[in-house]
Amino acid sequence: MKRGSGTVRLQLPSTMSTTYFYDWQKKSDAPGRVTFKPGTGGLPKIEIETACCSAEIYLQGAHVTKFQKTGEESLLFMSEASRFETGHPIRGGVPVIFPWFGPREGHDSHGFARNHTWEIWEITSLPNGGVRVQFRLPDCPELSAYPALHLNYSVTVGETLICELTVTNRSADRGLEFEDCLHTYLRVSDISRASIAGLGGGRFIDKVDGMAAKTQNVSVLKIGEETDRVYGDSPNSVELIDESLRRKIRVDKSGGLSTVVWNPWVEKSKRLTDFGDDEYQRMVCIESGNIAQNRVSLPPGQSSALKLKLISNAL
Ligand code: TA6
């Protein structure tokens, strides 16, 4: 463990079979605890406790499955039916979608990044009491179809949740094209008492109405049926208002021009094997990324970053 200005680099355990934690409470004024342990299904995970929040991140997919501010309800929805199996996506939290969004013939939906085990390369205890964990996607067979690239992902937990996906084109002569998305599942107490502000007037593709191009002509969106919308020119913040929990969650993003709003509703919930039949009542996905006409085209040597920040406040 080396100390810098608030940087605590942890020597990671050689195996995840043992519970291992580093409690720097005694060594710095930033109380906190990072625990490495087998999670559900034996998949390795990190548990983070700080003075203001707790969080969980599975190494599979560098998947944030929990973010909860002290004294508040969790911000993220996790399906009770989620599978936790190597190579299978986890249902809920913040799936990391790369290098394509949606279905692709002969391939997994939403790309391959979320199905691989990522490496941790640094954990930092921040002067403000937060914790930042930095991951990278190790080499995997699917990457052979692409120019040389680095995929790095950082998760910072504290008073807010910040997730940043950085793609670097390491090729000397080939361009890199991809879609990316942070497919965030937000928790609500009752979908019928929740609404989404910030997309009024936005043009979107309606995936539950034959991919029709439409304009949202209401300022506040209520969810009362299966909803699957890809907003194309949507660089701004979106806000989820939850009247039941008396809170609002602001979804800030940078480096992303697309927003997706998804709720499977009754019939699709029944068709999803890793999602409870009634769980549509307690979630809505507000996703941030670069999809379809907003796909990223990265010249050799260039990087692009997609950043998400979740900020919750009382109504
Ligand atoms: O983001 C919305 C969406 O593309 C929906 O069409 C639905 O398929 C959802 O993602 C979940 O996809 P997944 O592959 O995680 O089951």
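Taking amide H positions as modeled 1.01 Å from N, with prolines and chain starts lacking one, the residues under 5 Å from GLU177 and 5 or more places away or on another chain are LEU298. About the centre of its Cα atoms, the chain shows a dipole size close to 780 debye [charges on the beta carbon of Lys, Arg (+1) and Asp, Glu (-1) only; nearest 20 debye]. Spread over its residues, the convex hull of the C-alpha atoms of the range 7-314 is 135 Å³ per residue. Only one residue of LEU151, TRP262, SER189 has its Cα farthest out toward the positive end of the dipole of the chain, where Lys and Arg carry +1 and Asp and Glu -1 on Cβ, and that residue is LEU151. For SER54 and SER189, the difference between the fully extended length at 0.36 nm per residue and the C-alpha to C-alpha distance is 46.6 nm.
Extension gain for the segment ALA148 to MET211, taken as residue separation times 0.36 nm less the Cα-Cα distance, is 19.3 nm to one decimal.
Over all other residues within a Cβ to Cβ distance under 12 Å of CYS181, the charged ones net out to 0, with Lys and Arg as +1 and Asp and Glu as -1.
Scanning residues 5 or more positions from TRP118 or on other chains, those with amide H under 5 Å from its amide H are GLN60, GLY61, ALA62, with H placed 1.01 Å from N in the peptide plane. Between LYS270 and ARG104, residue separation times 0.36 nm minus the direct Cα-Cα distance comes to 57.5 nm. Along the range 177-183 the Karplus relation, 6.51 cos²θ - 1.76 cosθ + 1.60 evaluated at θ = phi - 60°, assigns HN-Hα couplings of 10, 6, 10, 9, 6, 9, 8 Hz to successive residues, with x for each Gly and Pro.
Dividing the Cα radius of gyration of the range 171-211 by its Kirkwood radius returns 1.16 for Rg/Rh. Here the 3J(HN,Hα) profile of the range 74-81, calculated from phi with Karplus coefficients 6.51, -1.76 and 1.60 at θ = phi - 60°, is 4, 7, 9, 8, 10, 6, 6, 9 Hz, Gly and Pro shown as x.
Read the figures in this text as sums done on the coordinates, not as results from a lab. Just so it is clear, the structure is predicted and the values come from calculations on it, not from any experiment. Every residue, glycine among them, receives a Cβ derived from its backbone with ideal geometry; neighbour counts consider all protein chains shown.
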